[in-house]
(Lines give C-alpha, C1' and ligand atoms only; values in the text may rest on other atoms or scores of the structure.)
Protein backbone atom coordinates (compact mmCIF):
# COMPACT_ATOMS: atom_id res chain seq x y z
CA UNK A 1 0.00 0.00 0.00
CA UNK A 2 1.39 3.39 -0.93
CA UNK A 3 -1.35 5.87 -0.03
CA UNK A 4 -5.00 6.02 1.01
CA UNK A 5 -6.51 9.29 -0.12
CA UNK A 6 -9.99 10.83 0.05
CA UNK A 7 -10.92 9.72 -3.47
CA UNK A 8 -8.54 6.88 -4.30
CA UNK A 9 -6.10 4.34 -2.92
CA UNK A 10 -2.72 3.76 -4.51
CA UNK A 11 -1.14 0.32 -4.30
CA UNK A 12 2.31 -0.75 -5.42
CA UNK A 13 2.32 -4.33 -6.76
CA UNK A 14 5.13 -6.85 -6.30
CA UNK A 15 6.12 -6.07 -9.90
CA UNK A 16 6.51 -2.41 -8.87
CA UNK A 17 3.47 -1.23 -10.81
CA UNK A 18 1.49 1.57 -9.19
CA UNK A 19 -2.26 0.99 -9.32
CA UNK A 20 -4.74 3.74 -8.51
CA UNK A 21 -8.17 2.45 -7.42
CA UNK A 22 -11.14 4.74 -6.76
CA UNK A 23 -12.36 4.30 -3.19
CA UNK A 24 -15.91 3.88 -4.52
CA UNK A 25 -14.72 0.65 -6.17
CA UNK A 26 -12.95 -0.59 -3.04
CA UNK A 27 -16.06 -0.13 -0.90
CA UNK A 28 -18.07 -2.40 -3.24
CA UNK A 29 -15.69 -5.36 -3.60
CA UNK A 30 -14.40 -8.19 -1.45
CA UNK A 31 -10.79 -7.64 -0.38
CA UNK A 32 -8.67 -10.63 0.64
CA UNK A 33 -5.89 -9.93 3.11
CA UNK A 34 -3.46 -12.82 2.76
CA UNK A 35 -1.44 -11.77 5.80
CA UNK A 36 -4.32 -11.75 8.29
CA UNK A 37 -5.46 -13.07 10.68
CA UNK A 38 -2.26 -15.17 10.63
CA UNK A 39 0.67 -14.26 8.38
CA UNK A 40 0.84 -17.50 6.39
CA UNK A 41 -0.46 -18.84 3.08
CA UNK A 42 -1.57 -22.37 2.21
CA UNK A 43 -0.02 -24.01 -0.82
CA UNK A 44 -1.00 -27.14 -2.71
CA UNK A 45 1.47 -29.13 -4.79
CA UNK A 46 0.08 -31.89 -6.99
CA UNK A 47 2.31 -34.88 -7.67
CA UNK A 48 1.64 -37.91 -9.84
CA UNK A 49 3.60 -41.15 -9.43
CA UNK A 50 3.57 -44.33 -11.48
CA UNK A 51 1.10 -47.11 -10.77
CA UNK A 52 2.82 -49.77 -8.68
CA UNK A 53 4.67 -47.21 -6.55
CA UNK A 54 4.79 -47.77 -2.78
CA UNK A 55 2.26 -45.13 -1.68
CA UNK A 56 3.53 -45.15 1.92
CA UNK A 57 7.01 -44.25 0.67
CA UNK A 58 5.61 -41.35 -1.36
CA UNK A 59 3.74 -40.03 1.66
CA UNK A 60 6.83 -40.29 3.89
CA UNK A 61 9.05 -38.48 1.37
CA UNK A 62 6.59 -35.63 0.85
CA UNK A 63 5.96 -35.17 4.57
CA UNK A 64 9.68 -35.14 5.38
CA UNK A 65 10.38 -32.54 2.69
CA UNK A 66 7.60 -30.25 3.93
CA UNK A 67 8.69 -30.59 7.56
CA UNK A 68 12.36 -29.89 6.76
CA UNK A 69 11.82 -26.88 4.47
CA UNK A 70 12.66 -23.65 6.30
CA UNK A 71 10.02 -21.68 4.37
CA UNK A 72 7.19 -24.03 5.42
CA UNK A 73 5.34 -23.62 8.70
CA UNK A 74 5.05 -26.70 10.91
CA UNK A 75 1.91 -25.41 12.57
CA UNK A 76 -0.53 -26.35 11.20
CA UNK A 77 1.08 -29.65 10.24
CA UNK A 78 1.75 -30.36 6.56
CA UNK A 79 -0.50 -33.02 5.02
CA UNK A 80 -0.29 -35.44 2.13
CA UNK A 81 -3.45 -36.70 0.47
CA UNK A 82 -3.84 -39.50 -2.07
CA UNK A 83 -6.38 -37.74 -4.26
CA UNK A 84 -7.14 -39.95 -7.24
CA UNK A 85 -6.35 -42.82 -9.54
CA UNK A 86 -5.39 -40.77 -12.59
CA UNK A 87 -5.20 -41.86 -16.21
CA UNK A 88 -1.42 -42.24 -16.07
CA UNK A 89 -0.58 -41.81 -12.39
CA UNK A 90 -1.52 -42.11 -8.75
CA UNK A 91 -2.32 -38.50 -7.87
CA UNK A 92 -1.13 -37.03 -4.56
CA UNK A 93 -1.34 -33.54 -3.13
CA UNK A 94 1.06 -31.97 -0.62
CA UNK A 95 -0.62 -29.30 1.49
CA UNK A 96 1.40 -27.02 3.72
CA UNK A 97 1.67 -23.40 4.76
CA UNK A 98 4.22 -20.79 3.74
CA UNK A 99 5.38 -18.93 6.85
CA UNK A 100 4.64 -15.62 5.12
CA UNK A 101 2.43 -14.96 2.07
CA UNK A 102 5.28 -13.27 0.21
CA UNK A 103 7.32 -16.50 0.44
CA UNK A 104 4.65 -18.63 -1.26
CA UNK A 105 6.39 -18.62 -4.66
CA UNK A 106 9.81 -19.44 -3.20
CA UNK A 107 8.34 -22.29 -1.13
CA UNK A 108 6.58 -23.84 -4.14
CA UNK A 109 9.79 -23.54 -6.19
CA UNK A 110 11.89 -25.05 -3.42
CA UNK A 111 9.52 -27.94 -2.72
CA UNK A 112 9.06 -28.76 -6.41
CA UNK A 113 12.83 -29.09 -6.83
CA UNK A 114 13.20 -31.11 -3.64
CA UNK A 115 10.29 -33.42 -4.56
CA UNK A 116 11.67 -34.06 -8.04
CA UNK A 117 15.15 -34.86 -6.70
CA UNK A 118 13.88 -37.00 -3.80
CA UNK A 119 11.57 -39.07 -6.01
CA UNK A 120 14.39 -39.61 -8.53
CA UNK A 121 16.74 -40.65 -5.73
CA UNK A 122 14.12 -43.13 -4.46
CA UNK A 123 13.63 -44.46 -8.03
CA UNK A 124 9.99 -43.36 -7.96
CA UNK A 125 8.78 -42.60 -11.47
CA UNK A 126 6.84 -39.43 -12.26
CA UNK A 127 4.92 -40.59 -15.34
CA UNK A 128 3.90 -38.49 -18.29
CA UNK A 129 0.51 -39.00 -19.94
CA UNK A 130 0.62 -41.75 -22.54
CA UNK A 131 -1.77 -43.92 -24.51
CA UNK A 132 -1.41 -47.31 -26.13
CA UNK A 133 -2.87 -47.29 -29.63
CA UNK A 134 -3.72 -50.57 -31.34
CA UNK A 135 -4.20 -50.34 -35.10
CA UNK A 136 -6.46 -52.84 -36.79
CA UNK A 137 -5.90 -53.37 -40.52
CA UNK A 138 -8.86 -52.09 -42.61
CA UNK A 139 -9.66 -55.59 -43.92
CA UNK A 140 -10.50 -56.70 -40.37
CA UNK A 141 -12.68 -53.74 -39.43
CA UNK A 142 -15.47 -53.74 -42.03
CA UNK A 143 -16.94 -56.26 -44.44
CA UNK A 144 -16.28 -55.58 -48.12
CA UNK A 145 -19.01 -53.88 -50.08
CA UNK A 146 -19.74 -55.87 -53.30
CA UNK A 147 -21.83 -53.25 -55.13
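Structural remarks
- Residue match in region 92-107 (condition: within 21 Å of residue 48 (Cβ to Cβ), touching a strand residue (DSSP E or B) at 6+ places or on another chain (Cβ under 9 Å) and in contact (Cβ under 8 Å) with a residue 60 or more places away in the chain): yes
- Pick from region 6-17, criterion in contact with a helix residue (DSSP H, G or I) (Cβ under 9 Å, 6 or more places away or on another chain) and surrounded by fewer than 11 Cβ atoms within 10 Å (Cβ to Cβ), ranking: modelled with the lowest pLDDT: 14
To keep it simple, each residue is scored yes or no on (1) surrounded by fewer than 13 Cβ atoms within 10 Å (Cβ to Cβ); (2) assigned by TED's automatic domain parsing to the domain that holds residue 15; (3) within 21 Å of residue 49 (Cβ to Cβ).
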| position | (1), (2), (3) |
| --- | --- |
| 67 | yes, no, yes |
| 70 | yes, no, no |
| 90 | no, no, yes |
| 113 | yes, no, yes |
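The values are calculated or read from the model by the stated rules, or taken from the named source; none is laboratory data. These numbers come from a predicted model, not from an experiment. Cβ: placed from backbone, ideal geometry, glycine included. Neighbour counts: every protein chain shown.
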